[in-house]
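This report refers to the structure that appears directly beneath it.
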Amino acid sequence: MTCCASSPFASSHLLSTAPIPKTVDLADPNALERVARARAYRGELILFSFDFCGISEALSLIISLRRASFEHFLPLTDGIETCDAMRTAARLRDLDDRTMPCYFSSWPRDHAGWKMWGHGPACVSAARPSHSCVLEQLWTSRYAVAGRLLALGQINLLHMDTDSAILADPYAVLKTAPLAAHNLIFVPELPINGGMWYAQNTTDGGPSQWIIAEVARRTLQVISLTPQRRMLPPFDQAMLGDVLYTAADRGTVHWGAACEHMVVRKSALCTANTSRNPRMMRWDVRHRVAPPTAAARAALKAPAPKSEYGRARLPTRNKGIVPTALFRSVELRVPGTTHSSEDVDHGSKWEWQHLAGFWPARAYTLAPLLASTSGASATATAAAAAAAAGGTAPRPPGTAPTDGGGVPGTAPSAGQAALSQSIESSPPVEFGTIGSPLSERVERHCRKRGRARLLYADRRVLSVSRKALAYLHAEGADDDGAAARTLIRQLIVLASVSGRMAVLPSFNCSAPWIQKVPREDGSLVLADLRVVIVDAAEGRPIHEQRCAPCNVQFACRQHVLSEAQWRAAKEATVTATVPQPPSDAAHDGASAGVLDSPTRLPLPLVAPEPGAVPGAHRVVHLLQLWALLATHLGTQRELQLEELGDVRGDACSLDGELLKQSASLAATVVRLHCGVAEAALELRSLCPRTDAETRYALGRWGQGIEEARCPQYTTNEGQLLERRDVRAAPHPMTHSAAAWRRSLLAARLGVRCGDMLCSDRSCDVLAVEECSHNLRRELAGIDANSSAAMQRVRSHLRHASPAVVQEMVRERCTVWIHRLPKDSRPRCDALTGQCLAPPRAFPGRATWPSAICLEEPPARMCFAGRPVDLKAENAERFCSKCYSRADVAHGARSSKSRHDTSLGLPVRIRVSV
């Protein structure tokens, strides 16, 4: 938005036409001064830093600053290769790469201490074939450069994180009383946020310049230590807090926060008089900062804040710069779902930024194509990407060959040949610059860390009409979002079994289930962290605003798009070559190239099964749905539903039938889910895209179905294919055939999108509560007739209060959850939206902790004996670990490789236990 064109410090009119100094090493003092003078405006300069995985954020901030009429910025990165990658990314987004300033500093990046405290001296993120340089290495260079800029004099420096949004002119606050009278202004965050600060009227060696430069000097002191193994230095904000404490305490040296680091604590840097509580800073000067305006509060969906104090601090929620670090201690949730995500900073902050309308569409990286249509072309693409990154081309998983065979030295079966033909006969998909070496590198390099801002523009999608009865009910229901959560779950599951991404619908913010709080003037402000106001800065009344559900789970971003992302995807491909429907659908007027008008998908629904709970939803007839997708409907870019229903099935009736009925759709599904058999691997650095990788992933999926012991499969001709190893009985190592036959596809989706699909709290929390309830019930059941071992447990707890017992039980259950292997943790059942505790998700593999083992070590919390053994005098000797590897998980086998053609699929099994 162009908020600041009238600002006295609006610099675009002058600097946008001035020549941009070429990329140079700012470690050279002359180069630093030359660049600073050229990029500054009226003595003001904006500094921000980024690495390879932060290129999208850097471009977003550059676009935002230019929209705000601020051109006086200086982007800092870790090397010239990253500058080149940033300009390449700008060129692919139709931005003029010649107008992209970019600089780096070789010092202190090249310090020898980074060999043990990072990824080595001279680490440049864009030059590495995999992984990134540690961010502490870049941040140290940032503090060093900032300190030297402030030492120049006549340069006032505003430092910004790249995940910032500009709502108003920041200089209107910084250059007026009371902040104008202070040299260093910062955002508080126990004790300070290192991403957002402003320094003005500084001198070389002055207090403000010393504080910023001292952080870099202290970091160099730390990395000069010699640890016994590689590790990261203390967090930069910990170092900055220590420096500020030192400055506030009249120069008494403090290393309190940094000395919490295990290596630094044992060094000479931490003396006996080092403070351990840097949060107790006493500032000499305090100022009350004005609360945000009504418009700003509405934009930030926040109630009027309490007065904040600090040493001339820049208020987080005040006019001007609003960093999305506002949500550092806040978690966004989808309607009624979990209270937490795996990474609040990367998940919530960026989710808020793009849903609220502060993320420019051109800042996205267009994701690679979902499928490479031939092994040769895929290999060439991978080789080009690796060459651009300085690495080597990735090999297919395992030893899956690229020539269409299953296991080396064996001829493909008839079923395998049919599968290969169905995959390779899929129409090619080309979307402009999608599939470029840069996008391949970003996906491989950054997605697993949650830092890839990828736009999946080539995916086909499934949406729900706002006229659908289910949508109208979900929007108007006063049920704390239960109906909205059900709608979202049904939509995501239907998209999953259809080989599509789901477009999450937004809701009117006046919906009764969306939480609001009244302001002083009686109007309402959104106070619901499950949703974000779309285009928040426009400040419309609450009943005229749309609220978009949040998705803070990295892996789930491969399955869902927000409405804003879907619009951006259509804009990104509107002039590109779009896949056309096959010739047998040419008589239909619809074209897959028509992006603006969705095609209605008539959903085949049947009544709930007899005996279903009252109010059960209608069930989707999967075979009829897949038959519809095999027509011209399957080629449409967007299919829209006017009805919704539940998907029911298991590994036999869902997974097995999908593999048998539509191998082409199954190939799309396995690519979209980044493999299906390895449910516990939420994020994978590489997903199957080539033919060989897809065949391998399908074979793994088929092997998991084989382990489900399905009694039969239905072939395409409707005949029953009898299996030679058919057994209707449960698997010998489990207690429940139904549990063993749970859908692998549903398990995979539940792991990747569990935050959006299951419960109103996280599955881990619910499992801990169920475990605690079981233990308390066991303890309450101890009486005079209980065994001597149980009596001893009761005697040990007889003086403890109920609150203490409850806390102890909860602590043991929390330890139990965290000690379970990743593939035995609580699971979300995507089909029902229910969380499954480990003993119910994996019967025979995971067991509940026992009260008789309550005082045993964490490795022996579960009772492994028979019921009669509970009465033994020394029953504690039967306490054992709470999981068993004897029960082999789906897809796990011995280290022997073997070839199975019972499904017509090649299977290459490797060690996964």
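Scan the range 228-250 and tell me whether some residue there is of a type in the set (A, V, I, L, M, F, W, C), part of a loop (DSSP other than H, G, I, E, B) and open to solvent by less than 50 Å² (accessible area, probe 1.4 Å). Among the residues of the range 228-250, at least one is of a type in the set (A, V, I, L, M, F, W, C), part of a loop (DSSP other than H, G, I, E, B) and open to solvent by less than 50 Å² (accessible area, probe 1.4 Å), which makes the answer yes. Taken residue by residue, the range 667-684 has no member that is buried (at least 23 other Cβ atoms within 10 Å of the Cβ) and over 21 Å from residue 558 (Cβ atoms). Between 91, 66, 87, the distinction of being under 23 Å from residue 4 (Cβ atoms) and either touching a residue at least 60 places away in the same chain (Cβ under 8 Å) or in a helix (DSSP H, G or I) (or both) belongs to 66 only. Of the residues screened, residue 569 is one that is closer than 14 Å to residue 455 by Cα, modelled with pLDDT of 90 or more and touching a Leu at 6+ places or on another chain (Cβ under 7 Å).
Identify the single condition in (1) touching a Ser or Thr at 6+ places or on another chain (Cβ under 9 Å); (2) part of a helix (DSSP H, G or I); (3) open to solvent by 20 Å² or more (accessible area, probe 1.4 Å) that residue 112 does not satisfy, given that it satisfies every other one. Unmet for residue 112, out of (1) touching a Ser or Thr at 6+ places or on another chain (Cβ under 9 Å); (2) part of a helix (DSSP H, G or I); (3) open to solvent by 20 Å² or more (accessible area, probe 1.4 Å): (2). Taking the range 46-84 as the region of interest, how many residues are more than 17 Å from residue 364 (Cα to Cα), of a type in the set (A, V, I, L, M, F, W, C) and open to solvent by 10 Å² or more (accessible area, probe 1.4 Å)? Number satisfying all stated conditions: 1.
Being part of a strand (DSSP E or B), in contact (Cβ under 8 Å) with a residue 12 or more places away in the chain and under 24 Å from residue 666 (Cα atoms): is that true of residue 491 here? First the steps, then the outcome.
Values: part of a strand (DSSP E or B): no; in contact (Cβ under 8 Å) with a residue 12 or more places away in the chain: yes; under 24 Å from residue 666 (Cα atoms): yes.
Criteria not met by residue 491.
With respect to the conditions (1) out of contact with any Leu (no Cβ under 6 Å at 6 or more places or on another chain); (2) closer than 28 Å to residue 254 by Cβ, residue 187 falls short on a single one, namely (1).
Per this entry, residue 138 is not counted among residues that are surrounded by 21 or more Cβ atoms within 10 Å (Cβ to Cβ) and farther than 19 Å from residue 25 by Cα. Of the residues making up the range 868-882, those that are open to solvent by 50 Å² or more (accessible area, probe 1.4 Å), farther than 21 Å from residue 820 by Cβ and either in a loop (DSSP other than H, G, I, E, B) or hydroxyl-bearing (Ser, Thr, Tyr) (or both) number 2. Tallying residues that are part of a loop (DSSP other than H, G, I, E, B), without any contact (Cβ under 8 Å) to a residue 40 or more places away in the chain and within 16 Å of residue 107 (Cα to Cα) within the range 25-47 yields 1.
Residue 163 passes every criterion in (1) touching a Cys at 6+ places or on another chain (Cβ under 9 Å); (2) more than 27 Å from residue 230 (Cα to Cα) apart from (1).
For the residues 500, 519, the requirement of being assigned by the TED database to the domain that holds residue 549 and surrounded by 21 or more Cβ atoms within 10 Å (Cβ to Cβ) singles out 500. Restricting attention to the range 825-855 and to residues that are part of a helix (DSSP H, G or I) and touching a residue at least 60 places away in the same chain (Cβ under 8 Å), the residue that is farthest from residue 618 (Cα to Cα) turns out to be 852. Search the range 157-186 for residues being in contact with a Phe, Trp or Tyr (Cβ under 7 Å, 6 or more places away or on another chain) and of a type in the set (Val, Ile, Thr), and hand back the single one that is least open to solvent (accessible area, probe 1.4 Å). So, considering only residues that are in contact with a Phe, Trp or Tyr (Cβ under 7 Å, 6 or more places away or on another chain) and of a type in the set (Val, Ile, Thr), the one least open to solvent (accessible area, probe 1.4 Å) is 185. In the range 622-629, is there at least one residue being open to solvent by less than 60 Å² (accessible area, probe 1.4 Å), at pLDDT 90 or above and under 25 Å from the mean Cα position of the chain (by Cα)? Looking through the range 622-629, none of the residues is open to solvent by less than 60 Å² (accessible area, probe 1.4 Å), at pLDDT 90 or above and under 25 Å from the mean Cα position of the chain (by Cα). Filtering the range 101-108 for residues that are open to solvent by less than 50 Å² (accessible area, probe 1.4 Å) and in a helix (DSSP H, G or I) leaves an empty set. Considering only residues of the range 776-826 that are farther than 30 Å from residue 681 by Cα and of a type in the set (S, T, N, Q), which is most open to solvent (accessible area, probe 1.4 Å)? Here the answer is 785.
The values are calculated or read from the model by the stated rules, or taken from the named source; none is laboratory data. Treat the numbers as computed from the prediction; the structure is a model and nothing was measured. Note that we place each Cβ from the backbone using ideal geometry, even for glycine, and neighbour counts take in every protein chain shown. Calculation scope for accessible area: heavy atoms of the full protein, side chains included, ligands and nucleic acids excluded. Shrake-Rupley method; radii C 1.70, N 1.55, O 1.52, S 1.80 Å.
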